[in-house]
Amino acid sequence: MKYFRKPSCSYTIIRNLIMDDKPLNLQEINAVSLSTCANNKPSSRMVLLKSYDSEGFTFYSNKISRKGQEISCNPYASMLLYWPQISRQIRIEGKIIELDATDADKYWYSRPLASRIGSKASDQGKIIESRQVLEDKKSELEALAEKEGEESITRPLTWIGYKLIPDLFEFWQGQSNRLHDRLQFTLIDNNQWDMKRLSP
């Protein structure tokens, strides 16, 4: 892989990989599997990576969801990006921090109205009697927005931003002869990364 030869840092690699793949029109290129663990019981789910920078990887969710509760209990987690069309996988491990309310508000109000209504209508993870409960809440919020304007659909206090601060990356590129490329980067100090090539 051309980006694996002399990388300056793991962030540079992931930025180049994502930018390099945009012309391929991969579907949901920012969909990641997020794994958390509490009480020695791991759980995984798909989330959408909304932004990334040299500090970490940002996503948004409801703090009362299972993932939110598990992050509160144990902030260490892993993300997995996998693009089967090009046989590429990126694994990221690190600690998750909560972003401040200003950041959450900024992203919340940048979302389409329908997305905000959908998020606000759902108490994520809670048991409900039927789908009609969601539909009724959605209708109430749509009526509110029509009467008082889109700004009336405010951000729930439990809907927040998270950022995973990486301390380990593994980049995997599949090869037809099964001699896959695997590079592991481990944070050692002050954004200095130790790179090792792993046997596939």
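Just so it is clear, none of the values below were taken in a lab; they were calculated from the coordinates. Fair warning: this is a prediction, and the values are worked out from it, not measured in the lab. Counting neighbours? That spans all protein chains shown, and the Cβs are built from the backbone with ideal geometry, glycine included.
State the label only: which of (1) 1.17; (2) 1.37; (3) 1.09 corresponds to Cα Rg over 2.2 N^0.38 Å computed from the shown model?
Derived directly from the coordinates: (1).
Could you put 167, 189, 136 in order, starting from the residue whose Cβ has the fewest other Cβ atoms within 10 Å? List each step's numbers first, then the result.
On the way: 167 15, 189 7, 136 12.
The most exposed by this proxy come first: 189, 136, 167.
Once you place label points 7 Å from the Cα toward the Cβ at residue 87 and residue 27, how far apart are they in nm?
Rounded to a tenth, the inter-label distance reads 2.2 nm.
Where the only charges are on Cβ atoms (+1 Lys, Arg; -1 Asp, Glu), what is the dipole of segment 69-114 about its Cα centre, to the nearest 20 debye?
Details: 5 positive and 6 negative charges, 61 e Å.
The dipole of segment 69-114 has a size of about 300 debye.
Between their Cα atoms, which of 41/106; 67/126; 95/120; 163/196 are more than 23 Å away from each other?
On the way: 41/106 34 Å; 67/126 13 Å; 95/120 27 Å; 163/196 25 Å.
Table pairs above 23 Å Cα-Cα are 41/106; 95/120; 163/196.
What is the dipole size for the chain, taken about its Cα centre, with +1 at each Lys and Arg Cβ and -1 at each Asp and Glu Cβ, in debye to the nearest 20? Present the calculation step by step, with values, prior to reporting the outcome.
Working: 29 positive and 26 negative charges, 174 e Å.
The dipole magnitude comes to about 840 debye.
For residue 144 and residue 66, FRET efficiency with R0 = 22 Å and r from the beta-carbon atoms, rounded to 0.05? Don't skip to the end; give the middle numbers.
Numbers: r = 28 Å, r/R0 = 1.29.
That pair, residue 66 with residue 144, gives E of 0.20.
Please find the FRET efficiency linking residue 198 to residue 44, where r is the Cβ-Cβ separation and R0 is fixed at 25 Å, and quote it to the nearest 0.05.
Numbers: r = 22 Å, r/R0 = 0.89.
So, using R0 = 25 Å, E works out to roughly 0.65.
Relative contact order for segment 111-154 using alpha-carbon pairs under 8 Å, separation at least 6, rounded to a whole percent?
Numbers: 20 pairs, mean separation 20.1, N = 44.
Across segment 111-154, relative contact order equals 46 percent.
In the chain, which longest range has no GluC sites (Glu not before Pro) that are both DSSP loop (not H, G, I, E or B) and surrounded by at most 11 other Cβ atoms within 10 Å? Can you show the working numbers first?
Numbers: sites that count: 28, 129.
With GluC sites (Glu not before Pro) excluded where exposed in loops, the chain gives 29-128 as its longest stretch.
Give the relative contact order (percent, whole number) for the chain; include only Cα pairs under 8 Å separated by 6+ residues. Write out the running numbers ahead of the final one.
On the way: 310 pairs, mean separation 43.3, N = 200.
Relative CO of the chain lands at 22 percent.
Which residue, chosen from 97, 192, 179, occupies the Cα position most advanced towards the positive end of the dipole of the chain, where the dipole is computed from +1 (Lys, Arg) and -1 (Asp, Glu) charges on Cβ about the Cα centre?
About the Cα centre, the residue reaching furthest to the positive side is 179.
Could you rank the peptides 100-106, 77-83 by their average count of other C-beta atoms within 10 Å per residue, with the highest value first? Present the calculation step by step, with values, prior to reporting the outcome.
Numbers: 100-106: 13.1, 77-83: 18.4.
In decreasing order of mean packing, 100-106, 77-83 become 77-83, 100-106.
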